[in-house]
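The values are calculated or read from the model by the stated rules, or taken from the named source; none is laboratory data. From a predicted model like this one, the values you see are computed outputs, not experimental measurements. When we count neighbours, we look across all protein chains shown, and the Cβ atoms used for this are built from the backbone with ideal geometry, even at glycine.
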Amino acid sequence: MKDHLEEVLGREFKDPKKNVGKIVVLLTREMERYPTPSVTMISWQKDPYKVLISCLLSLRTRDSTTIEASKRLFTVADTPEKMLRLDVESLEKLIYPVGFYKVKAKRIQEINKILLEEYKGKVPSTMNELLRLKGVGRKTAGITLVYGYNQKEVAIPADIHVHRTANRIGFVKTKNPEDTEQELMKLVPKELWGDYNNTFVGFGQNICQPITPKCGKCLITVYCIFFNKSVKPLLKEKAVKFGF
Ligand code: SF4
């Protein structure tokens, strides 16, 4: 314990921006040991429609709830045509208890209608077209393109986990996920964009958690501005106080 603490406190801080590639690769490997985020699991089926709908379901909803609701829904209806045969109440029941399930059920049916009328039942494959769909923001559009269409170099979809971790580590200094995405796109090497969301959603859910980050389990303390500015001084104080 004492030796480990001494070692952690003795490590010299390294600029996270200059080591961004190394950090993304390291954490991508590390996150293989943790549960896969729900939308990524759904993306393995390589169906942009399922990715789009499950991403809409996932907003303000726990991953386990999203997965279960997506499974229930896609077993009954996995295309816009099939889903439109359901009335909104049936759809609500299938996706309950995802957050805002009533609003989402209505939105999903509006989107299904547009997909059928304007895109022959297919999900559009460009950012601009996706953003025209009501309820689809930059993050959902990015996830659909990156994980549904495998267009890895068009976006780094940023949710609250991506936003929080990037600011804590010191990759960016931003106020919202939209700006975080733009700044990350300037910083992260393009070949790593496809891994970024998946890796940092998992990292934010399991290690760099919102209220109490698990810095003791983190592999990148040496690069993290938050750790070096806020956690390390406290650890040093404690070490002195308890005579470590
Ligand atoms: S050291 Fe702590 S705050 Fe920094 S990235 Fe790791 S878990 Fe998050």
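For this structure, a couple of remarks:
To keep it simple, each residue is scored yes or no on (1) in contact with a helix residue (DSSP H, G or I) (Cβ under 8 Å, 6 or more places away or on another chain); (2) under 15 Å from Leu59 (Cα atoms).
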{"position": "Lys104", "(1), (2)": "yes, yes"}
{"position": "Lys113", "(1), (2)": "yes, no"}
{"position": "Gly121", "(1), (2)": "yes, no"}
{"position": "Val136", "(1), (2)": "yes, yes"}
{"position": "Leu145", "(1), (2)": "yes, no"}
{"position": "Ile160", "(1), (2)": "yes, yes"}
{"position": "Arg164", "(1), (2)": "yes, no"}
{"position": "Val172", "(1), (2)": "yes, no"}
{"position": "Lys175", "(1), (2)": "no, no"}
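For every residue, the table says whether it meets (1) buried (at least 17 other Cβ atoms within 10 Å of the Cβ); (2) touching a His at 6+ places or on another chain (Cβ under 9 Å); (3) within 27 Å of Glu92 (Cα to Cα).
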site	(1), (2), (3)
Lys139	yes, no, yes
Ala166	yes, no, no
Glu191	no, no, no
Phe200	yes, yes, no
Ile211	no, no, no
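- Filtering the range 181-201 for residues that are within 16 Å of the ligand (Cβ to nearest atom) and over 16 Å from Val20 (Cβ atoms) leaves a non-empty set.
- Every residue from the range 136-153 that is in contact with a Phe, Trp or Tyr (Cβ under 8 Å, 6 or more places away or on another chain) and farther than 22 Å from Ile114 by Cα: Lys152, Glu153
- Members of the range 60-78 that are surrounded by fewer than 17 Cβ atoms within 10 Å (Cβ to Cβ) and either of a type in the set (A, V, I, L, M) or in contact with a Gly (Cβ under 7 Å, 6 or more places away or on another chain) (or both): Arg60, Val76
The rows are residues; the columns are (1) at pLDDT 95 or above; (2) under 20 Å from Tyr223 (Cβ atoms); (3) acidic (Asp, Glu); (4) surrounded by 17 or more Cβ atoms within 10 Å (Cβ to Cβ).
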{"residue": "Ser90", "(1), (2), (3), (4)": "yes, no, no, no"}
{"residue": "Gly121", "(1), (2), (3), (4)": "yes, no, no, no"}
{"residue": "Pro124", "(1), (2), (3), (4)": "yes, no, no, yes"}
{"residue": "Gly142", "(1), (2), (3), (4)": "yes, no, no, yes"}
{"residue": "Val172", "(1), (2), (3), (4)": "yes, yes, no, yes"}
{"residue": "Glu178", "(1), (2), (3), (4)": "yes, no, yes, no"}
{"residue": "Val188", "(1), (2), (3), (4)": "yes, yes, no, yes"}
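- Candidates Thr165, Thr212, Thr180 - the one that is assigned to a loop (DSSP other than H, G, I, E, B), closer than 23 Å to Glu30 by Cβ and hydroxyl-bearing (Ser, Thr, Tyr): Thr212
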